[in-house]
Each structure stands twice: as structure tokens, then as C-alpha cells.
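Structure record follows, encoded as C-alpha cells.
The values are calculated or read from the model by the stated rules, or taken from the named source; none is laboratory data. Small disclaimer: the values here were computed from a predicted structure and weren't measured. Reconstructed Cβ throughout: ideal geometry from the backbone, glycine too, with neighbour counts over all protein chains shown. Heavy atoms of the whole protein, side chains included, go into the accessibility calculation; ligands, DNA and RNA do not. Shrake-Rupley method; radii C 1.70, N 1.55, O 1.52, S 1.80 Å.
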Amino acid sequence: LAIDGMTCAACAGGVERALRTAKGVTSASVSLIPEGVAVVDYDPEHTGARTLIDAVEEIGFGASVYRGGGDERAKSNREQSKYREDLKVSIALTAPIVLTNLMLERIWSPKVMRGLSFWVFVKCALATRVQFGVGMRFHRGALNSLKRGASNMDVLVSLSTNVAYGVSVFSMLYCLFFGSMFARDYFDTSAMLITFILIGKYLETSARGKTSAAVTKLLELTPRNATLLRPTKDDAEFSEKIIATELIHVGDLLKVFPGARVPADGVVVRGEAFIDESMVSGETMPVTRKVGARVIGGTINEGNTFVIRAEKVGADSTLHQIVHLVENAQLVKAPIQAFADRISNIFVPAVVVLASITFLSWLIAGWVNSFPTVWVPTNENKTLFAMMFGISVLVTACPCALGLATPTAIMVGTSVAATSGILVKGADALERAGALDVVVFDKTGTLTTGSPTVTAFIASQVETLDQIISLVVCVEKDSEHPIAKAVRDYARRQSPSEIPSNLKSDVQNIPGQGVCCVVNGKSVALGNEKMMQERNMRQLSEEISKFVTEHEESGKTVVYVGVQGVVEGAFAVSDELKSDARETVTALRERGIESIMVTGDNLKTARAIARACGIEIIHAEASPTDKVNIIKELQSKRSPRAKDEFKPTSVAMVGDGVNDAPSLASADVGMAIGAGTDIAIEAADFVLMHADLYTVVRAIDIAQKTFRQIRQNYVWALGYNAVTLPLAAGAFYPSIKVSPWLASILMASSSISVVLASLSL
């Protein structure tokens, strides 16, 4: 739901409570950023959107079904525009009041009624317009808040300005009835309070708008127009037509000129593309895309003209999916936000009590003459003198900074991550990634390039070589596993003939081991050593045994071919280690994070790969179930970062394949390499758009810096109140004086500084 009318964390807490108490709601989370959004889980058998919207409207806020980032950005622009217009009016009305106090009353001050100056009526008229015109938003918000038995920032603003305005009006009426002023008027105070608070709100909304700038820039990458190729009547040639990108259909042929942006996701059908994909993957070097290769909409053509066939358009495009993922992540509350929510629930009542104590303390001190009478201004009495301290406390206190501390940093952090090719699925995942102890790496496609090739093949008998290769092609014909593809492609190049698929039956894919089936009446098993042993094929010929030892010790994977219960051959498969694997492991170690490798491959090959990239702990021949159990065992141990209390080890899993999905889901943080499978990406918390392994380190760095910033924001927000409230209460008076208008500047600056600090990310 999109929520209208929220001004601070206390408002968000009120909406959250109203939604949670609604019948059928299982959970509700409300965030001020971006522009007031509630995420509600509910049972459709008991409630629905209309009921939930009614629950929000009953407590004085507006609500509608959330339509996505575009509507929210438009709403943010409208809110900013409204604050700007209100601010213009407020300044235009407040400036003459201040000018009158400073100059005009001293130059010329005619009495027009019972001793009241002409300027008092002018100030009253101007201040009334400020108080109940542009300031009405605060009074309305305060009234709605009090109706639901809660309190928010509007209560503090409304209470303080109404006290100053009310005393001024009372003083005027007192003069009209009794012929002398009760005290000086405070029309300047009430008007300046509202003006400075509006300045703060306008600057705050402007800064908050910048927190989503990275996401907005992503959406703006799609070009406005595209060049459509349409066949002529004889289909021999194509005519060109410029169309809006919104009008592109799936299957359209689109021409991309040098220096232009690709208008849609598609496949290259003519020419060779040289593409700058830095906006999606974070990769600074352009990449080559030949005929049949996929390109992403919004990327830049750095080479010659080429033609693509559109495959994904509109909301299905990669850019829109990235933005959708980032926006969803920003809607999920981080656990650390609960700290601010607890404080916000009691903040405003506590401030009102503190302001009342401050007022009474100064009032009693005045009655018993505990401070010099010279402290009281000549045109005030001790009661009004005490009242000014109470107003300063009300205005200085700021719950907004607390409410903005987490969501602004999360929004900036996830946006920065997106522009670096890192997609985060939730703020909770970002928080967990900032406190990792161990990163577990899969081998194939993660530490290695995932493009294995067969470097050697051996058969126990030379005369059976062609027969074995033909069996391998048939067995692996439909497999998508990278090693299976490598073996199949090699076998096809060597095979003189191919066995028909209809002669294959009883196919069994065994995760982490291989595949077995019956081909033309013969039982065939293709897989690792564990698979052979479980099928009692432990005996190897001398030639195959020597072949296995030689290649496994050099880091290659050996795939055995078993026929009719006997190992008849073996393939040596090489998968090159990624160039940045060692650098990644070293960088993690420098950050106090241990690296572990788990693989379905044999121990000798695993050791060779681990040695090359600097990993010391290895778990080889692990099935998908074994990987899950290894992660759970790690999680059950005490974290090396824990001090006194027991804290479980926080584990991240980095993988790319279908067999990695269970372990990605069971880890505290799952990271899927973007070139991996859809299932792995679905199970992960982080999607690394680029195959560059060092992106893992970047993701952890962004998470750590984001939550370091959140903690700094909390220190600032709490420290601000801890320092300014005693000053506003007059603890150091008269050495340090905090008048109400100065207090309003301090309050505004606290929120703005938190947003600007988050933007520093």
C-alpha cells in the first residue's frame, strides 16, 4: 500500500499497528522511504485491500494500492512541489513580521485601539495566515494522531506554535479589555517556527529524492526511440522506421547504430556487437556479442551497426526487473530498524513530559527568585519566560532523524549495489551480509569459469573406443550440466555415428554424482568416482588408474564411463580457475572472513583448485544434501566475532547451479552468480549480475559500509537530542541561549544531516 500523510517514524509506527491489528493480517511493515509504503501479508479468506485501506484511513492517513516506483517518484515530486509553494507563502508572510519587530515598530508605531499598536494587528493578520494556512498540515496531522491515541512530530510542532500564537492573541485581548498588554506578542515566534520547519521539510524531501537517483537513472537508460526494420513487399530488403521504444513488440528486428543504446533485450541476428554493459554488470570493459548472443536493453553500442531481434520488452526487460528487485529490497525493513521503532513509540510523549517539567521548573524557580530578575526580558514576565524554554524543548526534539536513519541508508546502499551489478533482495539480507564469518564457495562455475572442456580421453580397450563414445553421446544428449555438455560436445566430435535416443531408457540423474541409464539393453553409468563405487565398479585397469591420478593431481575433473558393471573409459575435464579467485579469497581473509570450498568433485581435484586460489578448508564429493548439512554444521558453531554470549557463525553461500539452490536457501546469505541458473538466482538473497568473483567482496563491502552508516546515523540522531534538549531546556542559560526559532533550525538540520550522511555512501 502507498501511504499518504506520514511525517515521521511515529506515524509509520501508528500505521503499522493499525494494519497488524486488522483481522486476517499476518504481518505488516511500514517505511517512510520511499515516500510511505506498507508491505502487508494477509489471509485473503478474511480480509482484502479495501479493508486494509479502510483501516489506514480510519486513523487519518490516506492509502491506495502501491503501483510501483514511477508513481512513488511522481508523488515525491508533488510533495516536494507542495512544500516549496507553502514555503514561498510562509517566507513572504513571515519576513514582514520579522522586519516589523526589528525596524518598523521602532520607527513609527501609532496606537489605533486601547493602546494596541497598528503593527500588532498587521503581525496578527500575517501570523494567522501562516498558523492556519500553510501551518494547517501540522495541526491536521496532530489532530489525527491524537484521535488514534498516539503522537508524532506534528503534535510537537502544533503544540509549540499554538502556545506561542495563543499567548499573543491572549495578550491582545487582555489589552483590549484592560488597556495594557499582558506581555509582548510572540507572533514572530510562531511564524518563524513554521517557516524554519517548512525549510527543513523541503530540504529533507529534496535530499530523500536523491536517495533513489541511481534507480531513476537506470530507468532513464532505455532510449526514447528505436529503429524498426520492416520487410518490403518482396521480403528481399528492409525499410527503416523510427518508433517509440514503448511500441516495440517481441520479435521485432531493431537496428542499433554506433554510440546508440540498445532499445530492448534481444538476440543479435546480424553483425557483431561491441557492448558497454557497465550500467548493468559494473564491468568497465566493453564485451563482444556475436550472432546468437543476447544483449541487454539500455547498454551502449561501442562498435559497428548491428541488428537484434527483440525478446523482452516493457516490464519483462532486464532493466525493469533490476529496478523492481531494488525497489522491493527497499520496502523490506532491516531488523536494526526495530530499535528506532521502539524509541519512536515513546519519543513524543516523553518530550511533551520533558517540556512540561522544563516549564514548571523555570516557573517555580521564578516564583522563589532562584535566578536573577535581569534574566527576564523587559517586555516579558516570569511565566512567559518559563514558557519559552518549554517551547524550545518541544521544537528541538526530533523523532524524524531516528525514522530516517535506516531507510535512507538502505535505499542508497541498494541503489549503489545495483549500479555495481549487485542486486539485493531485501534490507534484512543486506544486514546479514554485513556480519559474515564464513563464505562457502561452490567450485564449478563459481571459483572456475564454468566453461569446462575435455582435454583427454582413454578407453580400456582401443577397439571399444568408438562404441563407448557413441554411448556417451546418447546418455548426455539432453543434459544441461556444464561438465556433461563438455563431455557430450567432445564425444560428438569424435563419434562416427549417434545412437538414437529412443533406445535409451530408465534414466536416473543422481545429484552430485552423474547419470545412469540403459542404452540398447546395456547399463551405462557416467559420473564421478563415488558413483562408480556405489555401483561396485571399483576395479580400474592400469592405464585408466594412471590416467586418473595424473589428471586429478593437475586439478582436472575425471568423468568415468561404466558399461555393464565395468569401468570402460574416462574423460579428463579442465575448468579454468577464474583470474580473480585468489584475489577474492585474499580480500575476504583481510576482512576477517574465512573461505571454504564445497564441491561434488573428487578430493584430489578439489585440493588442486583450492591450492591455486588459497582456500585451506575443502569438502569434496559433496551432494546437494551434503552441502546443506555442511552449512548447517558451520552455523551451529560459535562465531569467532562473538565475545561473551553465544552467537552462531554467519555463513554465506556462493553458487550458480541447480544443485546449489538448496544450500543458497539454507545459508544466512545466498549469493548467486548472475550467469547461473534461474533456480539458483531465485533461491539467493544477492544476485551478482557479472561472473566476476570479486563482486562477492564488493557486495560485502557495500553491506558493511551501509550498516556502519546506519549506526553512525543513530549515534547522530540520539546524540543530537542528548545534546540539544538540555541546551533548549536552559541548562546553560544565560551562557547558551536556544530561542524557539533557533530550536526549529536545529530540528530541521538533524533530519537533513542524516539524509546527507546516507547520501555520502
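Evaluate Rg over Rh across the range 223-316, taking Cα atoms for both radii and Kirkwood's formula for Rh.
0.96
Largest first, how would Tyr165, Tyr83 line up by accessible area (1.4 Å probe)?
Largest to smallest exposure gives the sequence Tyr165, Tyr83.
Of the heavy-atom accessible surface of the chain (probe 1.4 angstrom), what whole percent is carbon and sulfur?
Summing carbon and sulfur atoms, their accessible area is 56 percent of the total for the chain.
Can you give the extra length, in nm with one decimal, that the chain gains between Lys546 and Asp316 once fully stretched, where that is 0.36 nm per residue apart less the Cα-Cα distance?
Contour length minus the Cα-Cα distance gives 77.6 nm.
Measure nothing but the geometry: give the 0 to 90° angle between the long axis through the Cα atoms of 542-552 and the longest principal axis through the Cα atoms of the chain, rounded to 10°.
20 degrees
Tell me, what HN-Hα J-couplings in whole Hz come from the Karplus equation 6.51 cos²θ - 1.76 cosθ + 1.60 at θ = phi - 60° for each residue of the range 690-704, using x for Gly and Pro?
Per residue, the Karplus-derived 3J(HN,Hα) values read 10, 6, 4, 6, 5, 4, 4, 5, 4, 4, 5, 4, 4, 4, 5 Hz.
Is there a pair in Lys485/Lys556; Lys425/Lys647; Lys312/Lys556 whose C-alpha atoms are over 27 Å apart, and which pairs would that be?
Lys312/Lys556
Give the lysines reachable from Lys382 as a straight Cα distance under 20 Å; neighbours fewer than 8 places away on the same chain don't count.
Here the lysines satisfying the reach criterion relative to Lys382 are Lys737.
From the phi of every residue in the range 289-306, what ³J(HN,Hα) in whole Hz does the Karplus formula 6.51 cos²θ - 1.76 cosθ + 1.60 yield, where θ is phi - 60° and glycine or proline is x?
Listing the rounded values in order: 10, 8, 4, x, 7, 8, 10, 10, x, x, 6, 10, 7, 8, x, 8, 5, 9 Hz.
From the protein chains alone at 1.4 Å, what is the descending order of accessible area for Val416, Val376, largest first?
Val416, Val376
Based on the mean of other Cβ atoms within 10 Å per residue, sort peptides 253-259, 605-611 so the most packed one is first.
Peptide ranking by packing, descending: 605-611, 253-259.
Per DSSP helix of 4 or more residues, -39500 (n - 2.57); summed, then divided by the residues of the chain. What does that give at 222 nm, rounded to the nearest 500?
Rounded to the nearest 500, it is -15500 deg cm²/dmol.
Can you give me the three principal axis dimensions of the range 2-66 from its C-alpha atoms, in Å, biggest first?
33, 19, 17
Using the Kirkwood radius built from alpha carbon pairs, what does the Stokes-Einstein equation give as D for the range 453-574 at 4 °C and 1.567 mPa s, in µm² per second?
In µm²/s, the coefficient is 92.
How would you order 522-533, 617-628 from highest to lowest mean count of nearby Cβ atoms within 10 Å?
522-533, 617-628
Helix 624-635 versus the longest principal axis of the chain: what angle, 0 to 90°, nearest 10, using Cα atoms?
40 degrees
How far apart, in nanometres, would the label points at Arg67 and Ile736 be if each is projected 7 angstrom from Cα along the Cα-to-Cβ direction?
That separation, rounded to one decimal, is 4.9 nm.
Taking the chain as the reference, fit the longest principal axis to its C-alpha atoms, fit the long axis of helix 9-20 to the helix C-alpha atoms, and give the angle between the two in degrees, 0 to 90, nearest 10.
For 9-20 against the chain, the angle is about 60 degrees.
Going highest first, how would you order 315-325, 481-491, 441-451, 729-739 by mean Cβ packing within 10 Å?
441-451, 481-491, 315-325, 729-739
Between Ile107 and Leu176, take the C-beta separation as r, use R0 = 41 Å, and let me know the FRET efficiency to the nearest 0.05.
After rounding to 0.05, the efficiency reads 0.95.
Full-extension gain between Ser579 and Val291, please, as 0.36 nm times their residue separation minus the C-alpha to C-alpha distance.
101.0 nm
The chain: percent of C-alpha pairs farther apart than 53 Å?
31 percent
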